[in-house]
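Everything below concerns the one structure shown next.
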Amino acid sequence: MRPRRTIAPPHEAPPDSGVGARYHIETWGCQMNVHDSEKLAGALEQAGYRRADVADDADVILLNTCSIREKAAEKVFSELGRLHELKRGNPELLLVVAGCVAQQEGEEIFRRAPFVDAVIGPRATSSLIPTLARLRGGNPARLRALDIEYREDSIRFPFDLIRRESPESAKAYVTIIEGCNHRCTYCIVPTTRGREICRPLEEVLAEVRALAASGVLEVEFLGQTVNAYRDASGHTLGDLLRRTAEIDGIRRIRFTTSHPAQMTDKLVQAMADARPMLCPYLHLPAQSGSSAVLERMRRGYDRRGYLARIEALRARIPEMLFGTDLIVGFPGETEQDFAATLDLLDEVPFDTVYSFAYSERPGTRALDFGDTVPLPAKLERLARLQSRQRAIQEQRNRRFLGRTVEVLVEGKSKRDPSRWTGRTADNRIVHFGADTAAGRLEQVRVAQTTPYFLYGAPVAT
Ligand code: SAM
Ligand code: SF4
């Protein structure tokens, strides 16, 4: 068989290059990937592609991938194996790998999955449409495309083209910064997403105004280090929060993910100024409760520093609640270090915790430390941590029994379609039965609680 030729990314395509074709996107990972898929869908639809609800009906299948842990990356290859079957039945089908695995693995994807047609990194998505046009115009058995450039235009996607996953939900993500300038020793994001680039404040505000005019009540600003936001004119996240709080129609403002070392007093003051529109819930990843581990992680703060940030936030915004990310089993983590992490759960305490077993990532500095905590010990610590946090959340949610909370309805519950699901401003998930619709604000009286959810019924107004 003749080897396939890897073509360079073209820059332009006819405006209707996708007419007559259907696309399907599968998304892994964080909110940023979910929102990137909304932009990819927008670009595809602008070119004339139509959405296919299932992969079997698509002419182009795009995997928007995550590589934050090894398991996430491996899942992509097993899904590619499944899609290979589809391609055997339909050789014209185009398979595209996008997102962080595309960036991290590059050419290697063609070696492990030679039937893949294109690999496009998260900062190179502007070449998606021209690349597809060229592949569809050529012989798919002979051509394949690779584009893993870090381009600045990835952040300037025309916001009116974004195809929101659930437009009826009245909440929308808005990217303000991409990439990351930190160098946490365990993390692959600076490699896959490149260095920080920020959108101009006025452009972000124009997007928020357009969203508000279309009925959006809640915006969530996104970035890997969202509080590092500073545009070319020097505007900061604090400026953005104050200005957004003045926009008619916007009732809730959130932002994620914040880095504790960049949670300055000035930003905390701006957050207080943006209340009550700014939601009283902040995701502030601690990663560990042990100062020794934090130093090896190169996080730029120690345990005291982290707790001081929480206190500064509480001093200005007493109603503020917190969520966090924690890694267990980082190289060299002792039982004592882990006990310090467990203790952090009680000391803060958090309302949501995302906890992970440390996973070695290619090219990261932590590889030099070795993977010293055996997997069974990591998993045992993870289970202990999750069990402790579950008990804390059970207690914290129980306080809501009998209270009435305001819920922004997101849609039908996935588990029980007779119920609706939404969130409180402080990020609690509420399930309730009612005659309502996505996008409404409902007053719900809480009748039952679990560590993860509140259940109730709307109060008559
Ligand atoms: N930018 C955010 C921050 O600074 O906290 C987080 C970005 S990352 C997408 C989400 C979470 O994945 C991290 O907070 C961390 O807890 C976890 N994570 C990242 N690299 C990891 C690794 N190598 N092993 C296990 N968990 C990891
Ligand atoms: Fe990764 Fe650290 Fe950057 Fe977060 S701040 S994305 S954990 S390098």
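Values for this structure:
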| read-out | value |
| --- | --- |
| Separation in nanometres of the label points that stand 7 Å from Cα toward Cβ, at D160 and R111 | 4.6 |
| 13 Å Cα-Cα reach of K266 towards aspartates and glutamates, excluding residues that sit fewer than 8 places from it in its own chain | D239 |
| Diffusion constant of region 145-284 at 25 °C, which comes from Stokes-Einstein with the Kirkwood Cα-pair radius and 0.890 mPa s, µm²/s | 157 |
| Listed residues R361, R134 arranged by accessible area, highest first, probe 1.4 Å | R134, R361 |
| Anchor K87: aspartates and glutamates whose Cα lies under 13 Å away (excluding residues fewer than 8 positions away in-chain) | D56, D57, D59, E79, D117 |
| Segment R398-K412, extension gain: residue separation times 0.36 nm, minus the distance between their alpha carbons | 2.7 nm |
| Length released on extending from A315 to R243, taking residue separation times 0.36 nm less the Cα-Cα span | 23.6 nm |
| Inter-label distance, nm, simple model (7 Å from Cα along the C-beta direction), T191/Q31 | 2.7 |
| H11 versus E92: modelled label distance in nm, points set 7 Å from Cα along the beta carbon direction | 3.1 |
| Separation between Cα centres of region 128-159 and region 332-393, rounded to whole Å | 39 |
| Whole-angstrom Cα spans of region 233-329 along principal axes, big to small | 47, 31, 22 |
| Listed residue (L146, S169, F221) projecting farthest to the positive dipole end of region 132-222, Cβ model | L146 |
| Per-residue SASA entry for E92, accessible area with 1.4 Å probe, Å² rounded to 10 | 130 |
| Segment Y452-E202, extension gain: residue separation times 0.36 nm, minus the distance between their alpha carbons | 86.2 nm |
| 29 Å tail of the calculated P(r), the chain, as % of Cα pairs | 53 |
| Residues with amide H under 5 Å from that of R51, placed H, sequence gap 5 or more | Y23 |
| Per-residue ³J(HN,Hα) for region 327-340, Karplus 6.51 cos²θ - 1.76 cosθ + 1.60, θ = phi - 60°, Hz, x for Gly and Pro | 10, 10, x, 4, x, x, 5, 8, 4, 5, 4, 5, 4, 5 |
| Residue-normalised accessible area of the chain, expressed per residue, 1.4 Å probe, Å² | 44 |
| Global geometry of region 1-140, whether rounded, prolate or oblate, following the gyration tensor of its Cα atoms and the 1.5 cut on a/c | rounded |
| Which of R254, R51, R230 is most accessible, then next, and so on - probe 1.4 Å | R230, R51, R254 |
| Phi to ³J(HN,Hα) by Karplus 6.51 cos²θ - 1.76 cosθ + 1.60 over region 243-252, Hz, x for Gly, Pro | 5, 5, 4, 8, 7, 4, x, 7, 9, 9 |
| Distance from region 76-98 to region 1-69 (C-alpha centre basis), Å | 13 |
| Loop-located GluC sites (Glu not before Pro) in region 235-328 whose Cβ has at most 13 other Cβ within 10 Å (DSSP) | E246, E319 |
| Probe 1.4 Å, all protein chains present, accessible-area order of K266, K414, K87, largest first | K414, K266, K87 |
| Global geometry of region 401-461, whether rounded, prolate or oblate, following the gyration tensor of its Cα atoms and the 1.5 cut on a/c | rounded |
| Ellipticity estimate at 222 nm from DSSP helix runs (n ≥ 4, -39,500 (n - 2.57)) divided over the chain, nearest 500 | -10000 deg cm²/dmol |
| Accessible surface of the chain [probe 1.4 Å, protein heavy atoms]: carbon and sulfur percent | 49 |
| Vicinal HN-Hα couplings computed from phi for region 122-128 (Karplus, 6.51 cos²θ - 1.76 cosθ + 1.60; Hz; Gly/Pro x) | x, 9, 10, 5, 5, 8, 4 |
| Selection of chymotrypsin sites (Phe, Trp or Tyr not before Pro), region 380-461, meeting DSSP coil and at most 14 other Cβ within 10 Å | Y452 |
| Reachable lysines from K378, criterion Cα separation under 20 angstrom, eight or more residues apart if same chain | K71 |
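The values are calculated or read from the model by the stated rules, or taken from the named source; none is laboratory data. Just so you know, these numbers come straight off a predicted model, no measurement behind them. No Cβ is skipped: glycine too gets one built from the backbone with ideal geometry, and neighbour counts run over all protein chains shown. Just the protein is used for accessible areas: all its heavy atoms, side chains included, with ligands, DNA and RNA removed. Shrake-Rupley method; radii C 1.70, N 1.55, O 1.52, S 1.80 Å.
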